[in-house]
C-alpha cells in the first residue's frame, strides 16, 4: 500500500539536518502563499457551498543580494546610452 503524501513528506522532513529547517520553512511558506484559499459558506438551507477566494495573488520570493555580487554582472553587459529602445536594438543588431 502506498504511503500517503503527507506522511511521506513528514518522514523526509524528519531525516533533514537541523540546518536545513529554516530553508524548508521558507519554502513551505512560499507554497502556502501560492495555494488558492477556499471558504465554506452556509446557506439558508444549511448546505455548504465552497467559495474560492478571488483575491489570490501569486507571490514570488525576492532574494536580496549584496551589491558586491552584482558588480560582476555589470561587466557582462556592454555599456549603453540610457535609451531603452535604442539600447535593446543595439543588443540585437551588433552580433
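Full extension from residue 3 to residue 19: what is 0.36 nm times the residue separation minus their Cα-Cα distance, to one decimal in nm?
Working: separation 16, 0.36 × 16 = 5.76 nm, distance 2.63 nm.
The span from residue 3 to residue 19 would gain 3.1 nm if fully extended.
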(request) Using label points projected 7 Å from each Cα along Cα→Cβ, tell me how many nm separate residue 67 and residue 27, to one decimal. (result) 3.3 nm
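No lab work stands behind these numbers, since they all come straight from the coordinates. Because the structure is predicted, anything quoted here is derived from the model rather than measured. A quick note on method: Cβ atoms are made from the backbone with ideal geometry, for glycine too, and the neighbour counts reach across all protein chains shown.
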